[in-house]
Each structure stands twice: as C-alpha cells, then as structure tokens.
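Each value in this text was obtained by applying a stated rule to the coordinates, not by laboratory testing. A quick note: this is a predicted structure, and the numbers were derived from the prediction, not measured. Neighbour counts are summed over all protein chains in view; Cβ atoms, including those assigned to glycine, are modelled from backbone coordinates with ideal geometry.
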Amino acid sequence: MRSIVFCSRCRGLRVGWNGRYFIHRLICKEWISKSYKLLFVTSVLAVFFCGYPMPSVSVFSVPGLETPIQFASFQGPVAPLIDLPAPPLDPAVGTIKGFLKVYGVDESRISRVAESIVASGKKYNLDARLIASIMIVESRANPFAISGKDAIGMMQIHLPTWGHTADQEGINLFKIEDNIDFGTCILKDYARQFGLWEGVKKYKGWIADDPDSEHSAEEYLAKVQRIYAFRQAPQSTPEVLQ
C-alpha cells in the first residue's frame, strides 16, 4: 500500500510519481534551490512579455546567467516631422532671376536657369549677368532653340564646331545646366585668348580680316552690351531685340 503524507499546504497526498506529490516536493520540500526557482519563474515571464509589446526596454539580471535578459521594446507612434525652413536664396540667384524676368523668360524654368547661370559664372569666374545677357540674345532662354546655322540650346552651341566635343564629354545640349555650362566654358576660353569683349565677338563666330564677319560680330556685341548695361527703371521696358 502506498504511503500517505500530510502537508499544511497540500493536505493529504499519496507518495509516488504523481502530479500532486511532485508539486509538493518541488514547492514545499525544495528539491531545487531558490535560485533555480527564480530562473524558472523568470523564463516564464520572459516568454509572456516577449509575446506582448512593452512600452520600454526591460532588463533583468538572473543569477547563474552571464548575460542579462533583455525584452523587446515597443515603439509608439512616431512624432510628425517638423517642417524646416527652406535654405536662404543665394542673393546672386535672386538678382539674375529678376534680370531674366525683365526679358520674359518662362516662369516655369526661370529659377533653374538662374541657378545654372550663377553656378557656371562662379565655376569659370565670369559675370553671371554677362552670361545671362548672351543667353538672352542667343535664344531668350529657350532650351530647344535651333538656328539655321546648326546652333542649339540656350547658349546656341554651334554643332559643326563643338558637337564632337559635346559627344565625347557626354554633354546633353538640350539640358539647361549642360548647355549653359558648356557655353560658359567656351566663352571663358575665348575671353582668355582674346580679352572679354573680343571673346564675346568670337563666341558669335567672328573671323578676323573678314568684313562681313566683323560687322555681324560688332552688331552682336552691341546687343549683348545693351542688355548687360540695362537697369530697369519704374514702369520701363527693355529694348526688344531684333
């Protein structure tokens, strides 16, 4: 016959391999040490807490474990991003924008054109207003302008002269930034060789000792200089180029 034992907690129970007696020995008779009981309880809690989001990270140190147990953190709603003020406009860009508006440059591209002109002017150490003046004479800031002499884009790059170079360097002459930058580079090279205003004439295609070419280049230079020197007065309008 199996023995019966009595416990103030568990009451009467049979001795042997049964559930009630096992729990009695586990809890009341301390078959395992308190530290392992703590490990067991902590493991159960870990399983429970990992299954549910927690508002913050919790770390528990368990005796006998080298690394503390860290539970997953719960990320709440993300705060809305604060709109930062736009960077201040470069005064030079604002000046060129105003200059281009006087000559009726398309509003949809005026900022992009002004930024490109200022950037190229700084890159090649040329006056942005002069670059803008040449561009107005050449195309009125039309990126798709094509002349009868095979010149294209805003700065009217002459294809027979510069097309091969543009292809080699991967320059898209119909792209605003590329065309302005390439045209400014050409102008800078001419100005370095011949001086500023003679370089502007050379940009037009001036050929020395050719009377017709000289006359055409002089007319071109006069137009550029009139635009370059123009200062808008109240209720005034710029000269319409022919």
Filter on Lys97/Lys149; Lys149/Lys201; Lys122/Lys188; Lys101/Lys123 - keep pairs with C-alpha separation over 21 Å
Lys97/Lys149; Lys101/Lys123
Given charges of +1 on the Cβ of Lys and Arg and -1 on the Cβ of Asp and Glu, with all other atoms neutral, how large is the dipole of the stretch 91-229 about its Cα centre, in debye to the nearest 20?
600 debye
Any residue on another chain or 5+ positions along whose placed amide H is under 5 Å from the amide H of Ala151 is listed here as Leu159
Listed highest first by mean packing, meaning other Cβ atoms within 10 Å per residue, what order do 135-145, 204-214, 106-116 come in?
135-145, 106-116, 204-214
In what sequence, highest mean first, do 189-202, 152-165 appear when ranked by Cβ atoms within 10 angstrom?
152-165, 189-202
At 37 °C and 0.692 mPa s, grab the translational diffusion coefficient of the stretch 110-178 from Stokes-Einstein with a Kirkwood Rh over Cα pairs, rounded to a whole number in µm² per second.
267 µm²/s
Charge-dipole axis of the stretch 91-229 as Lys and Arg at +1 and Asp and Glu at -1 on Cβ define it, positive-most pick from Ser216, Ser133, Leu187:
Ser133
Multiply the residue separation of Gln168 and Glu214 by 0.36 nm, subtract the distance between their alpha-carbon atoms, and state the gained length in nm to one decimal.
13.4 nm
Which length gain, in nm to one decimal place, applies between Ile207 and Ile146 when the Cα-Cα distance is subtracted from 0.36 nm times their residue separation?
19.8 nm
Distance in nm between Phe230 and Glu107 label points, each 7 Å along Cα→Cβ, equals 1.9 nm
